[in-house]
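S.K.: I'd like to ask you about the structure that follows.
Just so it is clear, none of the values below were taken in a lab; they were calculated from the coordinates. As the structure is a prediction and not an experimental result, all values here were calculated from the model. All Cβ positions, even for glycine, are placed from backbone atoms using ideal geometry, and neighbour counts span all protein chains on display.
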Protein chains: 4
Amino acid sequence: MQFYSEMLRTHPRGMQIQNLDMLAECIKTCFECAQACTDCADACLAEENVKQLVRCIRLNQDCADICDATGRILSRQTEPAVEIFRSQIQSCITACDSCASECEIHAPHHEHCRICALACRMCQDSCNKLLKSLKQ
Amino acid sequence: MQFYSEMLRTHPRGMQIQNLDMLAECIKTCFECAQACTDCADACLAEENVKQLVRCIRLNQDCADICDATGRILSRQTEPAVEIFRSQIQSCITACDSCASECEIHAPHHEHCRICALACRMCQDSCNKLLKSLKQ
Amino acid sequence: MQFYSEMLRTHPRGMQIQNLDMLAECIKTCFECAQACTDCADACLAEENVKQLVRCIRLNQDCADICDATGRILSRQTEPAVEIFRSQIQSCITACDSCASECEIHAPHHEHCRICALACRMCQDSCNKLLKSLKQ
Amino acid sequence: MQFYSEMLRTHPRGMQIQNLDMLAECIKTCFECAQACTDCADACLAEENVKQLVRCIRLNQDCADICDATGRILSRQTEPAVEIFRSQIQSCITACDSCASECEIHAPHHEHCRICALACRMCQDSCNKLLKSLKQ
């Protein structure tokens, strides 16, 4: 069950962002990406070639922290500050792009990096769409 | 797509916890509960009777912080410390129970509290099952 | 005792950012601001006029999440991605400015808002300095 | 400047916990330990012998997540739930003890592990004192 969609629907003030599906998708991909990055950092740490994965672990951690913060902020619908939405979504796009680019290097050898890169690209894509709609 | 299940499956060390489905369910309900509590705190803040919901907002915030930490810790499979699993799952059960009990008071009047109480009880239940299996 | 200064000093790779004092100051003010915002949100929730403080509570929560993520990311010195530093510091500046502006409105009546606005402005200032040094 | 002490002092409801110094000390050591653990994980990742530090990195991450959640929860003074305080402080004691024990093994060779073990023991100690006072 996806509680956040129900939660968004039952919020007393209604949505401040017009496109509810786009917002829900962005929140979902932020939390999925945070989770994938946490898992990928942990899996990299357990690999034989951990020394070749140090940059990947670091970017995983940064991306997890940023996606988690972005997902929390977008989840709040009471008195939102659109300038914070915009700057944090922009930072999330940057982090997802950097982390995905690193994970894609290791994807041929590590399945967890392949999955994590996919989660990062999905989050980056949904953030790009939401940011574009917020700029109109 | 639920990345964490795939991630658990592709981890280089395999599972340290035997019952993979039980673990995956517990991680899932921890993150869902954290999200529901963040959303419920925000929705309560927007209600006309916010002064009657102060205790609910506070417990939502505590429960969100604890479920998020518990979900992150359970997600890591490299060199896990079972004593930390046990104590943090126990704290998660306590927080979910307290938050659910408060949300259930407001559930007849606020749909977000009804949904949040449900998320808390599901998390409490899956934590109880996992804790029991870790004590054997 | 401030562990982060010692930690930065003893890091095996040395600093990737040349101005160690500027970096340490920015990390310090990020975590102090996150803490002040968490405290201010909680204090606002306990005020008689909580309904007039809803926007303040919301911005406190956003600013706390963003400052915490920024502080964690800046604390890591292994394989840093400067583009992530820049975008996240920029978002931190935006959040601190928005939160401080709201807290300053309530500062004459609520001491916690006065202190929180001060913490936000200090964080905003140290982020601005670090961002400027990273752009050179 | 330590904002949390001023914040605790200016809270509209006053303290729910009688011993204000003991509470302020516990909050302080929780956030310091979270920071030290984040830094130690990052420094370990940069070491030549990272493969020998995998368990340390993992416990650093768990301890950071738990100390951060504990610090946030203790910082909130509005409508606190003492059963959540107790269970989360207990989990924090467990995490600090496990992380300190591992860091102490590496302390002779890595200065960051020596400092981190110290931060963990200080947090464990202040949590033990606060927990004892909450049980009376």
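S.K.: Hey, which residue of D has the C-beta nearest the axis mapping D onto C, and what's the distance in Å?
M.R.: D:F31, 3
S.K.: With everything on Cα atoms, drop me the angle between helix B:54-75 and the longest principal axis of chain B, reported from 0 to 90° to the nearest 10.
M.R.: On a 0 to 90 degree scale, this one is about 10.
S.K.: Identify which of B:R114, B:R72, B:R86 has the largest mean-square fluctuation in a Gaussian network model of chain B, with springs joining Cα atoms closer than 10 Å.
M.R.: B:R72
S.K.: Now, a different point. Of the candidates B:D62, B:D39, B:D21, which one comes out as most mobile in a Gaussian network treatment of chain B with C-alpha springs shorter than 10 Å?
M.R.: B:D21
S.K.: Cα to Cα, under 20 Å, and not fewer than 8 places away if on the same chain: which lysines meet these conditions relative to C:K129?
M.R.: Cα-Cα hits under 20 Å: C:K28.
S.K.: Between 0 and 90 degrees, rounded to the nearest ten: what's the tilt of helix C:111-135 against the longest Cα principal axis of chain C?
M.R.: Roughly 30 degrees, rounded to the nearest 10.
S.K.: Put the label 7 Å from Cα along Cα→Cβ for C:D21; what are its distances to the other copies, in nanometres, shortest first?
M.R.: From this label point to the equivalent ones elsewhere in the assembly: 3.3, 5.7, 6.2 nm.
S.K.: With each pseudo-label sitting 7 Å past Cα toward Cβ, what's the D:R9-C:N49 distance in nm, one decimal?
M.R.: The answer from the label model is 2.4 nm.
S.K.: For A:V82 and A:D21 in the same chain, what is the full-extension length gain: residue separation times 0.36 nm, less their Cα-Cα distance, in nm? Can you show the working numbers first?
M.R.: Working: separation 61, 0.36 × 61 = 21.96 nm, distance 1.78 nm.
Gain on stretching A:V82 to A:D21: 20.2 nm.
S.K.: Does anyone have the angle between helix B:82-106 and the longest principal axis of chain B? Alpha-carbon axes, 0 to 90°, nearest 10?
M.R.: 20
S.K.: Given the options D:T78, D:T70, D:T94, state which has the largest fluctuation in a GNM of chain D using a 10 Å cut-off (strictly under) for Cα springs.
M.R.: Its mean-square fluctuation being the largest, the pick is D:T78.
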